[in-house]
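Report on the structure given below.
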Amino acid sequence: MLAGEFQPVAMRARPDLVYQQQTYQGQAWWIVKDPVSLKYFRIRPEAYTALRMLDGVTSLHQLKTELERAFPKIKVEYKDLYSMLGMLHRYGLVLAQASGQGQQLYQRRGEQRRRQVLGQLSSVLFVRLPGVDPERFLNWLYPKARWFYSRWCVAACAALVVSSWLLVILHFHEFYARLPSFHEFFRAGNIVWMMLALGCAKILHEIGHGLTCKHYGGECHQIGLMFLVFTPCLYCDTSDAWVLPNKWHRAAIGAAGMYVEVVLAALCTFLWWNSEPGLLHYLALNTMFICSVSTVIFNSNPLLRYDGYYILSDVLEIPNLGQKSRMALVGLLRNWCLGLPWQKEFALPPRQRLTFAMYAVASVCYRWFILVVILLFLSKFLEPYGLQAIAHVMIAMSLVGLIVVPAVRAVQFLRVPGRMQQVKKYRLLMTMAVVAAVTLAVVYLPLPHRVMTSAVIQAGDAERVYVNVPGVLTELHVQEGQQVEAGQRLAVLQNPEIAYQITHLTGQGQRSERQLQNLRRQQGTDADAAQQIPHVAEASIHIQQRLDQLQQDQRRLELVARQSGVIMPPPHVPSTSGETGSLPAWSGTPLEEWNLGSWLETGTFFCLVGDPLRLEAVLVIDQSQIVFIAEGQQVEIKLDEYPGEVWSGRIGEIAEVDLKVIPRQLAAEAGGELAGAADDTGAARPASTSYQARVSLDNADQRLLPGFRGRAKIRVGSRTLGQAIWRYLSQTFRLG
């Protein structure tokens, strides 16, 4: 490319470049903006001086002389100039006059596209599509939104945010009680509103970035569509903030999106708190959740390459923080594992290498954690619909991006000619020994294995008394804790409709019987009477059958104990503000006197009759875990009602037939953890094949009541980490 020291350098600086001087950590730097590719480069003053001198006429000797005059403290050598010119050429800041440049640029573009594709594989949940130039839109919008940056508006927004925090803190228990349960919040119907809230919030988020960049004198030349966990929203490229000399202005641009979301979350907190259930209420709840959780987990976290990362980079004045941290990690691994010296191009002082490397490790681990949590959540969410294969494909793609791609790059690094001759053999052997030890530990080292499942407390061998015929509770003959005998009356209900139907059908039956008697007397003399007898007799039979059924229903309005025992209450039913029909709704338990006169529907759980000290826990175990369960295994149970205490017991009996109906307390509709679908009878069928196991409790006491639910931990022995991973992969991808 360069013929000699005194010949003109066959390069010239691009005339369309934009330059801006900045100060980072007390040192002068220059920002070079490429207005075509919208890329920004930070270069040292000597590189800037050399770049401005490249006009296709200046020789290498002239460059060296001018740089030594401008920077007397720097010793300039020709090899340094070669390296600097190569860097400027790679950045695309100069135009070379030699032939063959088109082929090099084409190859460079192809390599860049391959890197983008490989990078996209590791972030399948965050797909970014090409965008458009929004400069005209922002120029139109900014004058109308300039008031948002006034002092009074910022102060009002800050007061709104602080007020929402105080509302949550001062009324936390009530606030928490009004929140829906996990399964209710993430049900299919609410996911639509959540995606709508996410899309709208992120649109305002990105517009906030663009307007703030415009407010401080920058430009925004790309805004487009991206899919954030399958939800369409906008992204905004505010890279022009790099040309701003004030680091706090750059940090403000990075924080603008989070500022918009925090204000939006505060506003929606008040809307949700003061609104009745309805469209506005649920939209406010979803927006509040999205703008708070996503801001904390994603945007504000500096371990992810989002707003928090750029804010930290600007405030600490460490450009390309992620790239430098990865370079530090690679450099340390090369040095520790292979014995290769630290490369000069990494340009990191020794005291900062370990810090940057630790940041890189934390960033990678957090990315893995977030990705795994999201993919597992999607798998569980899609499982009831039979669409979990979508999450499995995404897991496979993520593994390619997070594991296969780095492994391929490591192999390519070692296959460079002469590389193995530079590697120190003892370092390589030590590294291989450590890897082998970790592998053996994963394969053979036993680890405690626990199975977590849902549990509900039930009375062992107790009779469950239900209302079989709906009616008004008029008589209550027992109370909680009372001893009763088999056949003893518990309560009496009345159903006015049944009483009316019995009276009406009794009259009809009597008239039909008299008519039938008259027809039989007339059948000898009247042929028509003889023909009517079969029809009237059949109608009389139907009336009597219906009357017998109603009388049986009336007798069933009297609730009777079928066995001796102690009266135990059913699960408590919370009070409701409204009424069901024209009769008052009941709350608490049907055993309480204030519920006299209340209407009890068919299937109402009235009470239990049995021994209150013979309680047991019923576990619902998925078929994927049932193979680990055996009789006699130790079980620890934590109940929602007593979260700080543990009840223990052992597996006593395991059902051989799969569960057909989910216990009502464990169903997702009742706030439990088990997803299912209601059948024609209204019973909840489990979404996946499950089995019941009964646990006899060792430390049951009077605080326990039937219907209490919680989580159970079953100690099922031990297995290696490798076995756990292989089992999960086998179940997920149906291997073997």
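The values are calculated or read from the model by the stated rules, or taken from the named source; none is laboratory data. Because the structure is a prediction, the values reported are computed rather than measured. Heads up, the Cβs are rebuilt from the backbone with ideal geometry, glycines too, and the neighbour counts pull from every protein chain shown.
If we only count strands (runs of 3 or more DSSP E) wholly inside region 425-485, which ones have 2 or more residues that are of a type outside the set (Val, Ile, Thr) and within 30 Å of SER696 (Cα to Cα)?
The qualifying strands (runs of 3 or more DSSP E) are 446-459, 463-466.
Of all residues in region 276-323 being among the charged types (D, E, K, R) and part of a loop (DSSP other than H, G, I, E, B), which is farthest from LEU196 (Cα to Cα)?
The selected residue is GLU317.
Would you call GLY86 surrounded by 13 or more Cβ atoms within 10 Å (Cβ to Cβ) and within 55 Å of the chain's Cα centre (by Cα)?
no
Given the residues ALA255, ALA284, which is the only one that is of a type in the set (A, V, I, L, M) and in contact with an Asp or Glu (Cβ under 9 Å, 6 or more places away or on another chain)?
ALA255
Okay, residues lined up against (1) modelled with pLDDT of 80 or more; (2) part of a strand (DSSP E or B); (3) in contact with a His (Cβ under 8 Å, 6 or more places away or on another chain):
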site: PHE6; (1), (2), (3): no, no, yes
site: GLN21; (1), (2), (3): yes, yes, no
site: ILE31; (1), (2), (3): yes, yes, no
site: VAL36; (1), (2), (3): no, no, no
site: GLU46; (1), (2), (3): yes, no, no
site: THR65; (1), (2), (3): yes, no, no
site: ALA98; (1), (2), (3): no, no, no
site: GLN103; (1), (2), (3): no, no, no
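A quick yes/no check of all residues on (1) assigned to a loop (DSSP other than H, G, I, E, B); (2) surrounded by fewer than 19 Cβ atoms within 10 Å (Cβ to Cβ):
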| position | (1), (2) |
| --- | --- |
| THR602 | yes, yes |
| CYS607 | no, no |
| VAL627 | no, yes |
| GLY632 | yes, yes |
| VAL635 | no, no |
| GLU645 | yes, yes |
| GLU653 | no, yes |
| ARG694 | no, yes |
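Answer yes or no: is there a residue in region 211-222 that is closer than 21 Å to LEU304 by Cα, in a helix (DSSP H, G or I) and either hydroxyl-bearing (Ser, Thr, Tyr) or modelled with pLDDT under 85 (or both).
No, because not a single residue in region 211-222 is closer than 21 Å to LEU304 by Cα, in a helix (DSSP H, G or I) and either hydroxyl-bearing (Ser, Thr, Tyr) or modelled with pLDDT under 85 (or both).
Can you name the condition, by its number, that GLY682 falls short on among (1) at positive phi; (2) modelled with pLDDT of 75 or more?
That leaves (2) as the condition not met.
Is there any pair with a first residue in region 495-524 that is outside any helix (DSSP H, G or I) and a second that is at pLDDT 85 or above whose Cβ atoms are under 6 Å apart and which are 6 or more apart or on different chains, and what are they?
ASN495/GLY471
Does region 532-550 include one or more residues that are part of a helix (DSSP H, G or I), modelled with pLDDT of 85 or more, among the hydroxyl-bearing types (Ser, Thr, Tyr) and surrounded by 12 or more Cβ atoms within 10 Å (Cβ to Cβ)?
Within region 532-550 (the criterion being part of a helix (DSSP H, G or I), modelled with pLDDT of 85 or more, among the hydroxyl-bearing types (Ser, Thr, Tyr) and surrounded by 12 or more Cβ atoms within 10 Å (Cβ to Cβ)), the answer is yes, since at least one residue qualifies.
Would you say GLY189 is over 25 Å from TYR310 (Cβ atoms) and modelled with pLDDT under 90?
Spelling it out, GLY189 is indeed over 25 Å from TYR310 (Cβ atoms) and modelled with pLDDT under 90.
Would it be correct to say that THR287 is modelled with pLDDT of 80 or more, assigned by TED's automatic domain parsing to the domain that holds ASN301 and crowded, with 23+ Cβ neighbours inside 10 Å?
Yes; evaluated as a whole, the condition is true for this residue.
Go through region 232-253 residue by residue and tally those that are farther than 18 Å from GLU135 by Cα, of a type outside the set (S, T, N, Q) and more than 22 Å from the chain's Cα centre (by Cα).
Total meeting the criteria: 7.
Looking at SER587, is it out of contact with any helix residue (DSSP H, G or I) (no Cβ under 7 Å at 6 or more places or on another chain), in contact (Cβ under 8 Å) with a residue 60 or more places away in the chain and not assigned by TED's automatic domain parsing to the domain that holds GLN692?
When the stated conditions are applied, SER587 does not pass them.
Which pairs turn up if I take residues in region 258-285 that are among the acidic types (Asp, Glu) and look for partners that are surrounded by 15 or more Cβ atoms within 10 Å (Cβ to Cβ) with beta carbon separation below 7 Å, at least 6 apart in sequence or on another chain?
What qualifies is GLU261/ALA201; GLU261/HIS205; GLU261/CYS291; GLU261/THR295.
In region 412-456, what residues are of a type in the set (Val, Ile, Thr), farther than 30 Å from ASP640 by Cα and either within 35 Å of the chain's Cα centre (by Cα) or modelled with pLDDT of 80 or more (or both)?
VAL423, THR431, VAL434, VAL435, VAL438, THR439, VAL442, VAL443
For ARG562, state whether it is surrounded by 15 or more Cβ atoms within 10 Å (Cβ to Cβ), among the charged types (D, E, K, R), assigned by TED's automatic domain parsing to the domain that holds GLU475 and at pLDDT 90 or above.
no
Any residue in region 526-543 that is touching a residue at least 12 places away in the same chain (Cβ under 8 Å) sitting within a Cβ distance under 8 Å of a residue that is of a type in the set (Lys, Arg)? List the pairs, counting only those 6 or more apart or interchain.
Close Cβ pairs satisfying both conditions: ILE533/ARG520.
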